Structure formats: C-alpha cells, structure tokens
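Below is one structure, written out as structure tokens; the observations come after it.
The values are calculated or read from the model by the stated rules, or taken from the named source; none is laboratory data. What you are looking at is a predicted structure, and each value in this text was computed from that prediction instead of being measured. Heads up, the Cβs are rebuilt from the backbone with ideal geometry, glycines too, and the neighbour counts pull from every protein chain shown.
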Amino acid sequence: MGRKTSGITLLGGAAAIPETPDKALLERVANPHPDTAYVARFAAPEFTSLCPVTGQPDFAHLVIDYVPGDWLVESKSLKLYLASFRNHGAFHEDCTVAIGKRLATLLEPQFLRIGGYWYPRGGIPIDVFWQTGKLPKDVWLPDQGVPPYRGRG
C-alpha cells in the first residue's frame with residue numbers, strides 16, 4: 001500500500017500559474033517504492049521563457065530524468081512551476097540549471113539529470129545539460145530522445 005500524500009495543496013483544485021519561478025510552489029509526495037531504483041521522466045516539449053536582453057520568447061524541449069529516493073515531484077506543481085518561466089527573463093543555461101537544482105533540493109534523488117534542448121536564438125541552438133548524483137547500477141536510463149537541431153541541413 002502506498003504512503004500518504006498529506007500536505008499537497010495544488011492537486012484537485014484550480015491553481016493559477018505563478019508570477020515567477022521563485023513564487024512557484026513545488027510539491028513532493030512519498031515514493032511508494034523507495035526500495036526500488038527506477039527512472040521517472042518528465043518531458044516538457046513546449047517550455048518557454050524570455051530572453052533577458054530582448055524580452056523575446058525562447059522555446060525549449062526539456063527532459064527531466066530522476067531516480068527517486070523517498071520523494072516524487074507532484075506533477076501538477078511541476079507543470080505550474082515550469083509554466084512560471086513563460087514571463088521570466090533568463091538565459092538558457094540559467095533556466096535549465098536552476099530547474100535541475102531546485103528539483104534536486106526538493107527531492108534529494110539518487111540521480112537527476114535535465115536536458116534543455118533550446119531552439120535557435122540568433123541562428124545558434126543552445127543545448128544545456130546538468131546532472132547530480134550517480135546512476136545506480138542496473139538502472140535503465142534511455143536516451144532522452146531529442147535529436148540535435150539540424151535546421152535545413
């Protein structure tokens with residue numbers, strides 16, 4: 001039988017997109033299988049933020065893989081957190097690494113990696129990768145499945 005998810009405030013009701021990532025509430029729930037090493041993956045193929053210089057929108061395909069310890073990220077809170085970046089001005093590297101670090105702090109996973117596959121800005125695509133922890137032995141970690149940007153080539 002799974003462990004309780006008490007203290008969750010966003011699930012089951014209407015919730016507005018937070019004004020900024022700092023104001024976003026990320027919630028966690030107990031991992032029902034803390035004795036088993038497995039990978040959980042979240043993909044956000046329509047992630048947006050703003051260029052901090054021009055204010056123009058930037059677009060990315062984010063892939064977050066983690067091997068949970070005692071905690072899982074509650075998916076609605078993650079969705080709202082990621083949406084809070086749509087009016088947030090930051091460089092690609094800052095957005096990608098900040099998301100990874102915040103999740104790592106919240107969840108204390110055995111392993112976490114984030115791939116930020118950003119669409120071209122100024123004609124140059126920027127891909128950003130960050131990870132923490134070591135992948136446990138015998139855990140299958142598939143490729144993130146996002147092909148490198150090819151343009152018309």
Note on the range 14-54: residues loosely packed, with under 13 Cβ neighbours inside 10 Å and within 13 Å of Ile99 (Cβ to Cβ) are Asp22
Selection within the range 100-138 - of a type in the set (Gly, Ala, Ser) and more than 22 Å from Glu46 (Cβ to Cβ): Ala104, Gly133
Does Ser84 count as crowded, with 17+ Cβ neighbours inside 10 Å and either among the hydroxyl-bearing types (Ser, Thr, Tyr) or under 24 Å from Val39 (Cβ atoms) (or both)? yes
For the subset of the range 101-153 comprising residues that are in a strand (DSSP E or B) and free of Cβ contacts under 8 Å to residues at least 40 places away in the same chain, which member is surrounded by the fewest Cβ atoms within 10 Å (Cβ to Cβ)? Ile124
Which residue is modelled with the lowest pLDDT, if the candidates are limited to the range 77-132 and must be of a type in the set (Gly, Ala, Ser) and out of contact with any strand residue (DSSP E or B) (no Cβ under 9 Å at 6 or more places or on another chain)? Gly122
Scan the range 55-77 and give yes if some residue there is surrounded by fewer than 15 Cβ atoms within 10 Å (Cβ to Cβ) and on the phi > 0 side of the Ramachandran plot, otherwise no. yes
